[in-house]
Amino acid sequence: MKKIRILSGGAAQGLVEALRPAFEAETGCTIEGTFGAVGAMRARLLDGEPADLVILTRALIDGLARDGYVAGATAADLGTVETAIAVRHGEALPAIGNAKTLRAALLDADEIHFPDPEQATAGIHFAKVLRDLGIWGVVASRLKTAPNGATAMRALAASTSDHPIGCTQATEILSTPGIVLVGSLPPGCALATVYTAATGAKAELPTEAARLVALLTDSAGRESRRRLGFV
């Protein structure tokens with residue numbers, strides 16, 4: 001059976017998995033996806049890892065298209081994802097409506113889970129937020145980083161500490177059992193990221209890749225994308 005190889009930011013994993021049954025039934029082609037921090041996925045592509053389809057931030061896809069690693073003419077936006085706060089299921093939702101209340105919520109947490117502050121879109125941004133709020137040094141011992149947002153959120157769900165909190169892309173929060181989306185980061189701290197799919201420049205299955213892009217982006221799936229965290 002044919003396999004379509006995907007290199008993707010973790011923010012798109014829930015959407016890809018939701019469409020997997022329909023795609024595989026229609027095409028007879030299975031999905032072999034690698035999901036993680038966008039910087040790590042870009043590095044794998046540059047190192048020569050084969051990919052029929054690449055899903056990263058619009059900025060990274062544009063750069064890869066300029067450099068000949070993806071086919072720029074095939075690029076299509078899945079939607080925008082906001083960076084958000086999560087807590088374990090059943091816990092009281094902290095106030096995070098402005099920078100002051102977000103700062104208080106983070107200071108109140110005994111663990112703070114988030115993705116790689118060097119490679120992950122949400123992790124890079126959230127590290128900056130902590131510094132901008134003036135609390136990076138204060139909470140340094142409570143920071144729990146993971147290679148990607150999905151792993152960070154699973155760690156949050158499994159945490160046995162008294163009062164953990166987490167931050168990553170809303171899509172990764174919504175697709176992780178055991179945690180609850182509190183809300184997007186407030187004005188002054190917010191980040192909204194456009195995710196884009198494009199066929200790899202050396203794709204072995206460009207027709208199947210194009211079909212998956214169509215499923216990921218078509219108007220019929222707009223409501224499903226919204227439920228999964230794309231706005």
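Quick rundown of the values:
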item	result
Qualifying residue in the range 63-77 (condition: over 30 Å from ARG222 (Cα atoms) and either modelled with pLDDT under 95 or part of a helix (DSSP H, G or I) (or both))	no
Flag for MET1 being in contact with a strand residue (DSSP E or B) (Cβ under 6 Å, 6 or more places away or on another chain), free of Cβ contacts under 8 Å to residues at least 40 places away in the same chain, hydrophobic (A, V, I, L, M, F, W, C) and surrounded by fewer than 19 Cβ atoms within 10 Å (Cβ to Cβ)	yes
Candidate set from the range 88-136 (those that are aromatic (Phe, Trp, Tyr) and buried (at least 23 other Cβ atoms within 10 Å of the Cβ)); member that is farthest from THR168 (Cα to Cα)	PHE126
Condition broken by LEU56, with the remaining ones in (1) hydrophobic (A, V, I, L, M, F, W, C); (2) in contact (Cβ under 8 Å) with a residue 60 or more places away in the chain; (3) exposed (fewer than 14 other Cβ atoms within 10 Å of the Cβ) satisfied	(3)
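The rows are residues; the columns are (1) closer than 17 Å to ALA120 by Cα; (2) crowded, with 21+ Cβ neighbours inside 10 Å.
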{"site": "SER141", "(1), (2)": "no, no"}
{"site": "PRO186", "(1), (2)": "no, no"}
{"site": "ALA190", "(1), (2)": "yes, no"}
{"site": "GLY200", "(1), (2)": "no, yes"}
{"site": "SER219", "(1), (2)": "no, no"}
{"site": "GLU223", "(1), (2)": "no, no"}
{"site": "GLY229", "(1), (2)": "no, yes"}
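The values are calculated or read from the model by the stated rules, or taken from the named source; none is laboratory data. Here the structure is a predicted model, which means the values were calculated and not measured. Methodologically, a virtual Cβ is constructed for each residue, glycine included, from the backbone with ideal geometry; neighbour enumeration extends over all protein chains shown.
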